[in-house]
Amino acid sequence: MDFAAINAKLVEMLGPMGPLLALVGVAALLVLAALPALLKKRQDPYEKLRLSRTGSSPRASASGGDQKLRDTGSDKLDKYASFLEPKSAEELSESKKWLQRAGYRGPDAVRNFHAAQFAAGLCLLALGVIYVLIANSSSEQGLSSTMMIVAILLPGAAGYYAPKYWVDKRVTARTNEIQDGFPDALDMLLVCVEAGQSLDQGIIRVSKELRKSYPAMAEEFAMVAHEIKAGLDKTNVLRRFGERSGVADIASFVTVMIQSQQFGTSIAEALRLYSADMRDKRVMRAEEAANKIPTKMTLGTMMFTVPPLLIILVGPSVYGMMENFSKMGM
């Protein structure tokens, strides 16, 4: 069978874009076949000799003497880490902070996120190709070239960006929950400090008491308590708490706590003033949301109230005018 016959057969089976779809399918198969070979990195013989002389393992040392960006583990996606994770330390750190704000704190969170992106994109892309094939085979005319491109690429793009949209929604919901629960946490922390407990003990008690009402806030305080128990510097722990939460009020609170410890001022007094300020801010946010309601209801009122009112008031007059015009015409 020559090339013209193959081309005609593809056009008959898949429509006008049949040859192009066949080339795309062959290219995808070649890429999938070559992907394991590309991801499987072979160790340099000179590097292997150097590691054998120094006595270090390949996991403990990176090529060129640079520190390895990612942690190695027993995860199934570990061998694809170079493909699924950012290459620079800055991008990897920002991705980890972003996922931590959404509540994903695992060591392989960045890797799993990119794997979910690629998996969802490829699966929906394959569904788009299947839909195009079914539509072309079931109908005589088939889909146009533009419709086929849209039907294939649009699901793939939606699948690729769906995990990012999900994480963004999680970040927004979790940030709002932390922002709403922070004044109550400060009030409870103030009560614990004034009762004679230390700041560390107060943080542990607050993390236990807020577990049901504000689980995200309780999780953040529990992490701070565990890091302090592990012997880390309290200043660095509080600063990481402010960066990890992503809330400006918590960052300001961390600054106040660090300054209180450095200058020896009363932590209870600082907590009392700051908790009162946070309560006022929460009331102001509630008032702001309440003041936005009339503006948001204006569009709904105009769409669902004015047209029926006009029909009721103007409808009889219009009907009477149409009746008069019809009689005059007769």
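The values are calculated or read from the model by the stated rules, or taken from the named source; none is laboratory data. Treat the numbers as computed from the prediction; the structure is a model and nothing was measured. FYI the Cβ positions are ideal-geometry reconstructions off the backbone, even for glycines, and counts take in every protein chain you see. Areas reflect the complete protein model, heavy atoms only, side chains present, ligands, DNA and RNA absent. Shrake-Rupley method; radii C 1.70, N 1.55, O 1.52, S 1.80 Å.
Note on the range 248-274: among residues that are over 32 Å from the mean Cα position of the chain (by Cα), small (Gly, Ala, Ser) and open to solvent by 40 Å² or more (accessible area, probe 1.4 Å), the one that is farthest from residue 191 (Cα to Cα) is 264. Would you pick out the residues in the range 197-207 that are open to solvent by 90 Å² or more (accessible area, probe 1.4 Å) and in contact (Cβ under 8 Å) with a residue 12 or more places away in the chain? Listed by number, the list holds a single entry, 205. So residue 293 fits all but one of (1) more than 31 Å from the chain's Cα centre (by Cα); (2) farther than 30 Å from residue 188 by Cβ; what number is the exception? It fails just one condition, (1).
Could you please find all residues in the range 275-287 being closer than 30 Å to residue 93 by Cβ and open to solvent by 20 Å² or more (accessible area, probe 1.4 Å)? Please lay out each step first, then the result.
Within the range 275-287, the subset closer than 30 Å to residue 93 by Cβ is 278, 281.
If the condition is that a residue be closer than 30 Å to residue 93 by Cβ and open to solvent by 20 Å² or more (accessible area, probe 1.4 Å), then 281 is the only one that fits.
Scan the range 186-210 residue by residue and report those that are of a type in the set (A, V, I, L, M) and part of a helix (DSSP H, G or I). Those that are of a type in the set (A, V, I, L, M) and part of a helix (DSSP H, G or I): 186, 188, 189, 190, 191, 193, 199, 203, 204, 206.
Residue 174: in contact (Cβ under 8 Å) with a residue 60 or more places away in the chain, surrounded by 20 or more Cβ atoms within 10 Å (Cβ to Cβ) and charged (D, E, K, R), yes or no? First the steps, then the outcome.
On the way: in contact (Cβ under 8 Å) with a residue 60 or more places away in the chain: yes; surrounded by 20 or more Cβ atoms within 10 Å (Cβ to Cβ): yes; charged (D, E, K, R): yes.
So residue 174 passes the test.
Restricting 307, 316 to residues that are assigned to a helix (DSSP H, G or I) and open to solvent by less than 80 Å² (accessible area, probe 1.4 Å) narrows the list to 307. Checked against the criterion of being part of a helix (DSSP H, G or I) and open to solvent by less than 70 Å² (accessible area, probe 1.4 Å), the candidates 295, 301 yield just one match: 301. Taken over the range 219-247, the criterion of being without any contact (Cβ under 8 Å) to a residue 24 or more places away in the chain, open to solvent by less than 40 Å² (accessible area, probe 1.4 Å) and among the hydrophobic types (A, V, I, L, M, F, W, C) is satisfied by 222, 224, 237, 238, 241.
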